[in-house]
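The values are calculated or read from the model by the stated rules, or taken from the named source; none is laboratory data. All figures in this text were calculated on a predicted structure; none of them were measured in a lab. When we count neighbours, we look across all protein chains shown, and the Cβ atoms used for this are built from the backbone with ideal geometry, even at glycine.
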Amino acid sequence: MIFDANLLIMAEVYILLGGNVGDKSKIFKETRKLIDERIGLIIKLSSIYESEPWGFESDLFWNQAILVETSLNPHDILHLTQSIEKTMGRTKISDHYESRTIDIDILFYNDLELNSSKLILPHPKMGERNFVLIPLTEIAPEKLHPGTHLKVKEMLQICTDRLKVEKID
């Protein structure tokens, strides 16, 4: 068997963008450009949704789900998304809910289930949040969660989050 280094295995990675500080239109556009350049080809994107903050008081957030095709592994993607967040002006990355220029969350990496000290996949709280599920349902309603075996659209139907999420474009 001959190994062909040009034959790359591509992964489908679902990512959620979120932010509520600064010129959100410009920030989202530049963030998508950087993802496309550094991580992989964006092959689908949802509309942009405006949502109430989850877990704290602040200005409204914008959220958008995107599907990226990449040859990178999940930890490399995490490293690059954190670098992009810093490039886009996110000054502090913490475990606390806070206003931010941009937040980039990895929701799914193919059907991988991963639980490391730095990254849990699929994203552990996506099923609790309409601001994640509504844009994700727009681009991947049939995507099956490997842990719960529910489709994204089914997760949205049973989600108990009642915060307002509205499409703005």
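Name the residue that is modelled with the highest pLDDT, counting only residues in region 37-59 that are within 17 Å of ILE27 (Cβ to Cβ) and loosely packed, with under 14 Cβ neighbours inside 10 Å.
Ranking the candidates gives GLU37 first.
Return a yes/no flag: does region 63-71 have any residue that is within 15 Å of VAL13 (Cα to Cα) and part of a loop (DSSP other than H, G, I, E, B).
For region 63-71, residues within 15 Å of VAL13 (Cα to Cα) and part of a loop (DSSP other than H, G, I, E, B): present.
Could you pull out the residue among THR87, THR148, THR81, THR91 that is surrounded by 21 or more Cβ atoms within 10 Å (Cβ to Cβ) and of a type in the set (Ser, Thr, Tyr)?
From the options THR87, THR148, THR81, THR91, the qualifying one is THR81.
Checking ILE139 against (1) surrounded by fewer than 21 Cβ atoms within 10 Å (Cβ to Cβ); (2) closer than 26 Å to SER25 by Cα; (3) of a type in the set (Val, Ile, Thr); (4) out of contact with any Lys or Arg (no Cβ under 6 Å at 6 or more places or on another chain), only one condition comes out false. Which one?
(4)
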